[in-house]
Amino acid sequence: MITTFLKLPRAKKQLIVLVVDSFLVILSVFLSFSLRLGQFYSPTIDIFFTIIFSPLIAVPIFSFFGLYKSVFRFIGLNSITRVFNASVAYSFIWGIAAYLLSDYGIPRSVVVINLILIFFTITSTRLFARFILLDERSSNERINVLVYGAGSAGRQLVNALEFSDKYKTHGFIDDNKDLVGNLIGGKKVFSLELIEKIISTLNITEILIAIPSATIETRNKIFESLSHLGIRIKALPGVSEIADGKVNYFDLKDISIEDLLGRDLILPKDDLLKKDIENKVVMITGAGGSIGSELSRQILSLGAEKIILYEHNESALYMINKELNNPKVFPIIGSITDIDRLKNVCSKFKIETIYHSAAYKHVPMVESNIYSGVYNNIFGTLNCVEVAINFNVKSFILISTDKAVRPTNIMGATKRISELILQSKAVSNKKTKFSMVRFGNVLNSSGSVIPLFKEQIKKGGPVTVTHKDITRYFMTIPEAVELVIQAGAIAKSGEVCILDMGKPVNIYQLAEKMIRLSGFFPRGNQKKDGIEVQVTGLRPGEKLFEELLIGARSLKTEHEMIFKEKENPIDWSLLKKELDELRKALKNNDINLIKKNIQRIVPDYTPEKEIFDSTLQ
């Protein structure tokens with residue numbers, strides 16, 4: 001019956017409520033007289049009509065006060081206040097009408113009693129309806145949840161969930177022993193120590209973490225304390241992401257690996273952010289990539305005069321240009337290997353700052369496409385550097401990688417040679433400031449392992465890891481780019497800046513954590529819904545551990561997350577000679593000579609396996 005009522009059009013529901021209210025209004029008047037007289041009241045004809053037609057006064061007033069616009073499931077203090085105001089207005093007007101229409105008038109106490117009764121009956125019916133409807137939802141497979149955190153956000157979340165069709169809250173979890181066992185808003189606070197028993201008893205299928213102020217370290221501890229349960233975990237975002245500090249259950253999201261790998265916010269230095277950007281013409285090479293596109297977003301927000309998006313991938317360029325949609329932004333299709341195109345762009349726009357992000361970065365792809373990797377990454381960078389010098393670009397910032405440190409793959413070696421080119425040119429050229437920023441993996445980039453793991457988990461596994469002991473540094477893309485911009489402002493010409501990447505992450509453990517985040521268990525745990533983590537062996541050119549320093553130590557800068565490394569540059573005449581030899585080896589498709597040339601330029605380059613390119617001899 002209730003389900004049938006809920007399916008009715010809103011107009012029919014309102015009509016039913018109006019009829020019920022009319023009956024209650026009539027009943028309340030009869031009861032008012034009866035209570036006043038202390039016996040059942042039999043009205044005279046004039047009072048009878050006053051009673052019968054009382055809904056003609058009540059309904060318009062109730063409607064004016066919005067009583068028929070309220071949704072019963074969401075009735076709260078505001079709704080009850082409206083009922084009270086409507087009851088006062090109705091009782092007052094009805095009392096005047098009844099006094100004028102009756103032959104002998106009516107006792108004033110009847111008006112007061114009528115006010116009390118009408119407020120009580122109208123409020124009671126709505127609260128009863130709310131209870132019935134909430135109970136109906138409970139039987140319609142709402143998700144049984146516990147809220148982790150009995151603080152302000154947790155209490156707000158529980159209140160918000162009362163109006164949810166999706167969740168049924170059974171209580172709080174909190175590690176504050178003073179709260180455990182108490183009731184907050186009618187919900188019991190449980191101890192984390194009893195969590196398994198509580199989940200089993202109450203059939204809990206989700207835990208909602210409501211601690212927006214929690215640090216990354218705290219989030220990780222909470223997750224570790226819950227991850228063995230095999231149930232879904234959701235969380236409210238950080239305080240800064242919740243509008244006006246008001247918690248809504250729509251803010252809830254699945255807790256992601258990014259939430260656990262990211263770091264606590266460190267406020268950027270505004271003067272460093274704007275130094276190379278504000279009121280300047282800025283070009284980003286590789287503007288459609290993971291780093292390039294985020295650079296484009298942040299540079300636009302920092303007040304650049306013009307932003308040149310230089311990208312050879314048409315689709316990627318289209319997407320970032322469409323997203324930015326700003327007259328200051330100029331999308332340019334072009335390759336960094338096309339020096340004439342670069343000259344044309346720098347000449348036309350009078351570029352002042354270049355962020356050089358364009359490169360082939362996927363280690364296995366570059367390892368099997370050596371010609372393209374070397375030609376694009378090394379000689380494309382050389383083109384950009386020479387054009388920057390020729391057109392008096394003030395600042396040139398190279399986006400480098402931790403794989404450039406003692407490289408074991410072609411990609412890392414090409415990025416190291418790119419660094420050497422900038423360092424060497426910085427010595428002989430004083431007009432352009434050349435700097436490099438070196439950092440590790442960024443979360444959810446096109447080459448990151450995390451999107452791959454997500455896709456593999458979605459398919460039910462296996463999740464593939466190349467080695468049980470392999471580790472990597474991780475940083476969110478926005479954080480990395482924000483630091484890159486500040487590092488470029490800090491660095492002097494020829495200097496390498498290194499970003500503090502935090503602690504290295506074990507990739508095998510990362511895979512297991514992501515499986516648990518998805519509500520499954522890594523296979524071998526003897527529990528249901530297992531997903532296998534499969535070790536496949538290191539790929540060509542892949543290192544077990546990544547490094548950020550060429551030398552033994554780094555130097556502090558004015559930013560706590562940015563360090564410098566002092567390196568001795570190669571004389572340009574010597575480096576140029578080696579690059580000319582490398583160019584000849586490329587032209588002759590001689591893979592062995594390419595390898596020898598790279599090893600001469602980068603003595604630390606130690607390929608772990610024989611390099612291979614099916615297009616070369």
Next item on the list: Please give, to one decimal in nm, the separation of the simple spin-label points placed at Phe84 and Asp604, each 7 Å out from Cα toward the Cβ.
Entry: 7.4 nm
Check: Based on the mean of other beta carbon atoms within 10 Å per residue, what is the order of 374-382, 169-177, most packed first?
Finding: 374-382, 169-177
Next item on the list: Could you sort out which of Lys430/Lys576; Lys394/Lys556; Lys280/Lys328; Lys468/Lys503 sit more than 20 Å apart by Cα distance in this structure?
Entry: Lys394/Lys556
Check: Using modelled backbone amide H atoms (1.01 Å from N, in-plane), which distant-in-sequence or interchain residues come within less than 5 Å of Thr464's amide H?
Finding: Gln534
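What order, most packed first, do the peptides 422-434, 212-224 have when packing is the mean number of other Cβ atoms within 10 Å of each residue?
422-434, 212-224
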Note to self: Taking a virtual spin label 7 Å from the Cα of Ile333 along the C-beta vector, which residues in region 294-310 bring their backbone nitrogen under 14 Å of it?
What the structure shows: 310
Next item on the list: Output the relative contact order of region 270-601, whole-number percent, from Cα pairs under 8 angstrom with separation of 6+ residues.
Entry: 16 percent
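Quote the FRET efficiency, to the nearest 0.05, computed for Ser200 versus Glu532 with a Förster distance R0 of 22 Å and r equal to the Cβ-Cβ distance.
0.25
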Check: By a straight-distance test (C-alpha under 18 Å), which lysines pair with Lys361 as possible cross-link partners, with residues fewer than eight away in the same chain excluded?
Finding: Lys403, Lys415, Lys543
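Since every read-out is calculated from the coordinates, none of them should be taken as a lab result. Nothing here was measured: the structure is a model prediction, and the numbers come from that model. Glycine also receives a Cβ, built like all others from the backbone with ideal geometry; neighbour counts cover every protein chain displayed.
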